[in-house]
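Nothing in this text is a laboratory measurement; each read-out follows from the coordinates by a stated rule. For clarity, every value in this text was computed on a predicted model and none was experimentally measured. All Cβ positions, even for glycine, are placed from backbone atoms using ideal geometry, and neighbour counts span all protein chains on display.
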Amino acid sequence: MTYVLNRLLSLILTLFLISLITFAVTNILPGDVAMMIMGTQSNPEALAGLRQSLGLNDPLLVQYGHWIGGMLTGDWGNSLIFKKPIAELLGQKMMASALIVVMSMTFALAAAVPLGVWAAVHRDKWQDTTASATSLLGVSLPDFFWGIVMILVFARWLGWLPSSGYKDPAVDLLGALRHALLPSLALGLGLMAHLTRMTRSTMTGILGQEFIRVARAKGLSEGTVVWRYGLANAVGPVITVAGLQIGYLFGSIIVMESLFNFTGMGWLTYQALLNRDVPLIQATVFVIAAVVMIVNLIVDLLYLVIDPRIRLG
Amino acid sequence: MRKFLTPKGLIGLVLVALIALVGILAPVLLDPALATKMYMTARLQPPSAAHLLGTDQLGRDLAVRVLMGARTSLEIAVVAVVISVLLGLPLGMISGYAGGGVDNVLMRLVDTLLAFPALLLALTISAVLGPNIQNTTIAIGVAFTPYLARIIRGEALRVAQMPYVEAARAAGTTNLAMLGRHILPNILPVVIVQATISLAFAILAEAGLSFLGLGTQPPAASWGLMIQASRDYLEKAPWTGLVPGAAVALTVLGLNMFGDVLRDVLDPRSK
Amino acid sequence: MTNALVSIDKLRVEFSTDSGTVIGVEDISFAIRPGETVCVVGESGSGKSVTSLSLMRLVEFGGGRITSGVLNFKRPDGSLLNVATADADLMQAIRGNEIGMIFQEPMTSLNPVFTIERQLTDGLRRHKGLSADAARGRALDLLRAVRIPEPERRLGQYPHELSGGMRQRVVIAMAIACEPQLLIADEPTTALDVTIQAEILALINRLKRERGMAVLFITHDMAVVAQMADRVVVMYRGRIVETGTVTEIFENPRQDYTKALLAAVPKLGEMAGTTRPEKMRLIGDDNPATLRAAQTATPRQPQVLLEVRNLTTRFPVKGGVLRRTVAQVHAVEDVSFELNVGETLALVGESGCGKSSCGRSILRLIEPASGQINIGGRDIRALNDHDLRRARADMQMVFQDPFASLNPYMRLREQVSEPLRNFGLATGADLQDRVAQLFDRVRLPREFMTRFPHELSGGQRQRVAIARALAVNPKLIVADEAVSALDVSVQAQVLNLMMDLQADLGLSYLFISHDMAVVERVAHHVGVMYLGRIVEIGPRAAVMENPQHSYTRSLLSAVPVADPRNRRFRDDLSFKPIVSPIHPLGHRPAPSIYTQVAPGHLVLTA
């Protein structure tokens, strides 16, 4: 329990650091928020007044204080380009992104774990070569390229799935899944390749351990030895690596959501960056980093449940 | 070294050598103006004798562009990785060797930076500095630094606990000599392997940034930019996307294979 | 041979590696009769494990292949089965059922994520078709049979909650669960402390007697062979050198290799009646002049080199968000001793007793919490960083692992010359000469100077490590388990080298070791450590022949002796388990108070 408490305290410290870094990076932006709101043709006096009221003339530390104070009290300000409260925007978009992140992770794990175990069992044989060639190909193409290929094949040529857009799952579940399928598959491919290699190397290590030999010496079947004794030990490491890939995924969705016009966090971040919507950039960057951190924490706590050595140690 | 004589090792070696050769020689042997020369009558032409790999929407020769783009993409990737090594190596090495409070502070910082997805960090930095080749390079280099620092720190920590380091300390070796003589040579294999693999990631990152318009800017030829430009013409002229896509794939594939074999050869832990 | 349980005939096993086919073992023939213990003994690379793994057909999982030979196993129904050609399904039915096996590493032999109950019962359920309840009941019986306390509680526990000795008992319980006719034990006690080794050996002996099991016991340790074997198979480089009954092998060995192997084994108690260390009488090294070398140093008036007073070293146990210290490991607790010029003080004890920390504290490779360290009259703890670096020229260290104590990317010449360069003691041609002389001193050919560590064997590397330590003409060498990782014949050579160097150079050794028989051979004085304290210290003869502290006694009684007529592990043994040296912050341990039982012989009383 103290471990969980410690991790939570540590998370708060990290979130604070994340906010500092976010604020520091975005405040080097040469763009002028006031000018963006009022346009370049606006009256210099009105501009100066707005700057004053927005607190842009204050020292950076004071500005940071205002910003973090607002974040803590739920006042995240308004987006300049969408003219809407940022908190509201983020809530919707996060839901959309969660859908494709979860779907792509599910695809990736479902394919990578069996493939990786299979490769580890048949190490240095043709099965291993096949698996490693597949995963090498997977990591060797930019995932947006896979996205383009999928749009061509499944949307344009075969016409099975829509090539762009987003549907709210609460309104139209099937439509939402159909729209999320292609971007999730494209994201999942690169992820799968990475997780396959990880599973293979983890399982190779485990299969070389003494307790595997002991299990064989007990006369257990190879199936039991590999899929129960072996895999039970690989679950923890594989989940940890999968958790770390959440960061990679939240980077990739920026490209993928833009490609598929899928209006989630990635798409929103891209719009903010493209239009120099400073309050929105700050909020999205902060939220993405915070989500990555929190997911990693959840994975670590999950590990507690899985691995008895940490659970009681 | 026998590991390089396997099919995987040979393919990796040949691909990397070929791409390096193209990156170095293409701008020397070809007139740079050819890359932007438009054949207005020959837009979106499929591969033919006149244009070996076809032409794009502005009638530019794809074969020339993909060769010239190699230089841009490779230059950005190589310099970005050099930046990340120059930043990450001292950071990781000192953190791992010194341990204690120094390590705690540095690694807390690195862990926090790791919460920002590399692509997001690179995009943000590029947007902040203004997208062009130079800033894209810096952005990718900085975004990769925490990953490299983490790996190097782990390796330095492992090496710092080896008995030969303790023996050297007992033999009166100073901290600076220790880092130079014992720590650095022993973490170098891992650094080289990681740099090779980072190179592959940097190529992908450049492609991603350029694809979003926050990397290399037109009319320069870079692979990511070429893929982006092909987006709207893919159905009519799939080669416009397939040519730069294949270039990226072969380069990254080659680097990954080369890195894998290099790891087998160099990394003492894999033996 | 018809009554044999196992008869192996001309076994040959090959391994395919990157550099072609390698022969694991060839022409292996021997038999195991019901109820007897056959020990296969050999140094590393002798193929002893390959033989036992072949009998289980587990060798295939390590890339090996049985290419010829017959491995006949008499099944309980009386039929003979050639294991070499049996199909995989039949082998699964035999493994763990008719033949049980235990391995070297108790820490990794059990699956860390499954409970003890699951691991004990899955074999029973598979082979005997027991229900979950019946298997659980049987598992409880087994835990009792291997004398594990609180068996009910153990069933629900995970391996990491058990000590190393208890885990090895669980592994044994797993191996005997289906009442096999044959138990294969592959170095089952190598990773264990000596008292736990004694307990496990006694347990195997009792189970063998009670159940009439045959035991195939694989080991590198001749002393264990003498304690356990009915018959012995000596192996060398994949072939059998000699087989015979245990008394034949120990008292009348026929082959030179066996004789050499036995000569290199120190026998606890063989130094009784002497006071000074003595070199090992190695075969082919029987020049009387060199043998006496260690003794020729004339006994002078003892002169103290190293004086340690009330040395205490603690390691912080960190916890919490801010990584604050929440408890302390009391690694070294109020330790005092003296070491004379030209003499050897051995610190002995089991793992975690603080002997290594003590050695490192003296060189201040770890910082002691309190106490005094004087070397040649200089107060080491009072030195600043700069002076400490200089002072370390007087004291050097040799480490246990010959593979990790040399920098893999540096030529040996550079490694041996590094201390000289650090202290600016020699340059240019002079430096090269000094290094060459050091290689001569440790009896390594000079052409090794340009080599890298991976081109050397373990023993050769350890010689390089000694040369490096000698480079700066130290007065004191702390040898931390310096010969423990070496094969016994190599160990003897390195020990003899160390004793020669002591005689020639007047070196003092702080010899840290877990091996009582080796210590008896090399030490002038012995200190026995337990939970960070020296519980007994004195002249070697006094401590080893007249031990006063109960821990010293149990330690000595647990050491296997390389003499089959002095068998010690017939009945169940149980030593007191070692408690944790971790205490909360602010814990103030009592000072160490000693009683002098004889001149220089001190025993901890409180």
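Calculate the FRET efficiency for C:Ala134 and C:Asn546 from the Cβ-Cβ distance with a Förster distance of 35 Å, rounded to the nearest 0.05.
Numbers: r = 54 Å, r/R0 = 1.54.
Once the sixth-power term is evaluated, E becomes 0.05.
Under a plain spin-label model, where a point goes 7 Å from the Cα along Cα-to-Cβ, how far apart in nm are A:Lys84 and B:Gln134?
3.9
Near C:His525, within a Cβ-to-Cβ distance under 15 Å, what is the net charge of the other residues, with Lys and Arg +1 and Asp and Glu -1?
Working: positive: C:Arg276, C:Lys355, C:Arg521, C:Arg540; negative: C:Glu307, C:Glu338, C:Glu343, C:Glu520, C:Glu536, C:Glu545.
Once all neighbours under 15 Å are counted, the net charge is -2.
Just to check I understand the Karplus step: with θ = phi - 60° and J = 6.51 cos²θ - 1.76 cosθ + 1.60, what whole-Hz values come out for region C:258-275, glycine and proline as x?
After applying 6.51 cos²θ - 1.76 cosθ + 1.60, I find 4, 4, 4, 4, 5, 5, 7, 8, x, 9, 4, x, 6, 9, 4, x, 9, 10 Hz.
Zone of C:Arg324 (label point 7 Å along Cα→Cβ, backbone N under 15 Å): which residues in region C:582-596?
Counting backbone N atoms under 15 Å from the label point, the list is C:585-586.
Can you list the lysines whose alpha carbon is less than 19 Å from that of C:Lys10, not counting same-chain residues fewer than 8 positions off?
Within the straight-line limit of under 19 Å, C:Lys10 reaches these lysines: C:Lys48, C:Lys74.
Using the alpha carbon gyration tensor of chain C, what are the three equivalent-ellipsoid semi-axes (square root of 5 times each eigenvalue), largest first, in whole Å?
44, 30, 24
Please list the non-local residues whose amide H lies under 5 Å from the amide H of C:Thr37, H modeled 1.01 Å from N, same-chain partners needing a gap of 5 or more.
For C:Thr37, whose amide H was placed from the backbone, the distant partners under 5 Å are C:Val215, C:Asp230, C:Arg231.
Given labels modelled 7 Å from the Cα in the Cβ direction, how far is it in nm from C:Arg254 to A:Ala133?
So the two model labels end up 5.7 nm from each other.
Just to verify a number: FRET efficiency for C:Leu388 and C:Glu60, C-beta to C-beta distance, R0 = 56 Å, to 0.05?
Numbers: r = 55 Å, r/R0 = 0.99.
Once the sixth-power term is evaluated, E becomes 0.50.
Within straight cross-link reach of B:Lys8, meaning Cα distance under 28 Å, which lysines are found once same-chain residues fewer than 8 apart are removed?
A:Lys125, B:Lys271
On average, how many beta carbons from a partner chain sit within 10 Å of the beta carbon of a residue in B:207-213? Write out the running numbers ahead of the final one.
Details: counts 5, 9, 2, 0, 8, 8, 4.
Average per residue, whole number: 5.
Per DSSP H run of at least 4 residues, take -39500 (n - 2.57); add these up for chain C, divide by its residues and hand me the 222 nm value, nearest 500 deg cm²/dmol.
On the way: 20 runs with 202 residues, N = 606.
Rounded to the nearest 500, it is -10000 deg cm²/dmol.
When chain A is modelled as a GNM with alpha-carbon springs shorter than 10 Å, which of A:Pro162, A:Pro44, A:Pro114 fluctuates the most?
The residue with the greatest mean-square fluctuation here is A:Pro44.
Starting at the first residue of region A:212-223, write each ³J(HN,Hα) from the Karplus equation 6.51 cos²θ - 1.76 cosθ + 1.60 with θ = phi - 60°, in whole Hz, x for Gly and Pro.
Karplus values, whole Hz, x for Gly and Pro: 5, 4, 4, 4, 5, 5, 7, x, 6, 6, 4, x.
Which net charge results when you count Lys and Arg as +1 and Asp and Glu as -1 among the other residues whose beta-carbon is under 13 Å from that of C:Ile196?
+1
Note down the net charge around C:Glu418, summing +1 for each Lys or Arg and -1 for each Asp or Glu among other residues with Cβ under 10 Å from its Cβ. Intermediate results must be reported in sequence, preceding the final value.
On the way: positive: B:Arg181, C:Arg413, C:Arg421, C:Arg468; negative: C:Glu414.
Its environment carries a net charge of +3.
Residues with amide H under 5 Å of C:Ile366's amide H, sequence separation 5 or more or different chain, H placed in the peptide plane at 1.01 Å from N; which?
Close amide H contacts, sequence-distant or interchain: C:Ser361.
Using a 10 angstrom cutoff on alpha carbons, build the Gaussian network for chain B and name the most mobile of B:Arg150, B:Arg43, B:Arg108.
For chain B, modelled as a Gaussian network with Cα springs under 10 Å, the answer is B:Arg108.
Across region B:172-188, in residue order, what do the Karplus-derived ³J(HN,Hα) couplings come to in whole Hz, using 6.51 cos²θ - 1.76 cosθ + 1.60 with θ = phi - 60° and x for Gly and Pro?
Along region B:172-188, the couplings run x, 6, 6, 4, 5, 5, 4, 4, x, 8, 10, 6, 4, x, 7, 9, 4 Hz.
Identify the residues of region C:11-34 with backbone N under 19 Å of a label point that sits 7 angstrom from the Cα of C:Val70 along the Cα-to-Cβ direction, or state none.
Label zone hits: C:11-13, C:26-34.
In what order do A:Trp227, A:Trp157 fall by count of nearby beta-carbon atoms within 10 Å, going from fewest to most? List each step's numbers first, then the result.
On the way: A:Trp227 14, A:Trp157 10.
The most exposed by this proxy come first: A:Trp157, A:Trp227.
Name the residues of region C:39-60 whose amide N is less than 15 Å from a point 7 angstrom out from the Cα of A:Lys125 along the C-beta direction?
Counting backbone N atoms under 15 Å from the label point, the list is C:60.
Taking H placed 1.01 Å from N in the peptide plane, check which residues at least 5 places from C:Met529 or on another chain put their amide H under 5 Å from its amide H.
Correct list: C:Val348, C:Gly349, C:Val535.
Can you work out the FRET efficiency for the pair B:Asp232 and A:Ile294, with r the C-beta to C-beta distance and R0 = 45 Å, to the nearest 0.05? Could you put the intermediate results ahead of the total?
Details: r = 38 Å, r/R0 = 0.85.
Efficiency, rounded to the nearest 0.05: 0.70.
Okay, helix-only estimate at 222 nm for chain B: each DSSP H run of n ≥ 4 adds -39500 (n - 2.57), divide by all residues, round to 500 deg cm²/dmol; what do you get?
Details: 10 runs with 191 residues, N = 271.
Calculated at 222 nm, the ellipticity per residue is -24000 deg cm²/dmol.
Give me the lysines in straight-line cross-link reach of A:Lys83: C-alpha distance below 30 Å, same-chain residues under 8 apart excluded.
A:Lys83 reaches A:Lys93, A:Lys167.
If we count other beta carbons within 10 Å of each Cβ, what is the order of C:Leu162, C:Leu505, C:Leu5, fewest first?
In order of increasing Cβ crowding within 10 Å: C:Leu505, C:Leu162, C:Leu5.
Below 8 Å, C-alpha to C-alpha, sequence gap of six or more: please give me the relative contact order for chain A in percent.
Values: 333 pairs, mean separation 73.6, N = 313.
Taking the mean separation of contacting Cα pairs over the length of chain A, I get 24 percent.
In what order do C:Thr344, C:Thr450 fall by count of nearby beta-carbon atoms within 10 Å, going from fewest to most? Don't skip to the end; give the middle numbers.
Values: C:Thr344 24, C:Thr450 11.
If I rank by nearby Cβ atoms, fewest first, I get C:Thr450, C:Thr344.
In percent, what relative contact order does region A:179-313 have, based on Cα pairs under 8 Å that are 6 or more apart in sequence? Let's see the in-between values first.
Working: 92 pairs, mean separation 31.7, N = 135.
That works out to 23 percent.
Determine the relative contact order of chain B: mean sequence separation of Cα pairs under 8 Å and six or more apart, normalised by residue count, in whole percent.
Details: 401 pairs, mean separation 71.1, N = 271.
So the answer I get is 26 percent.
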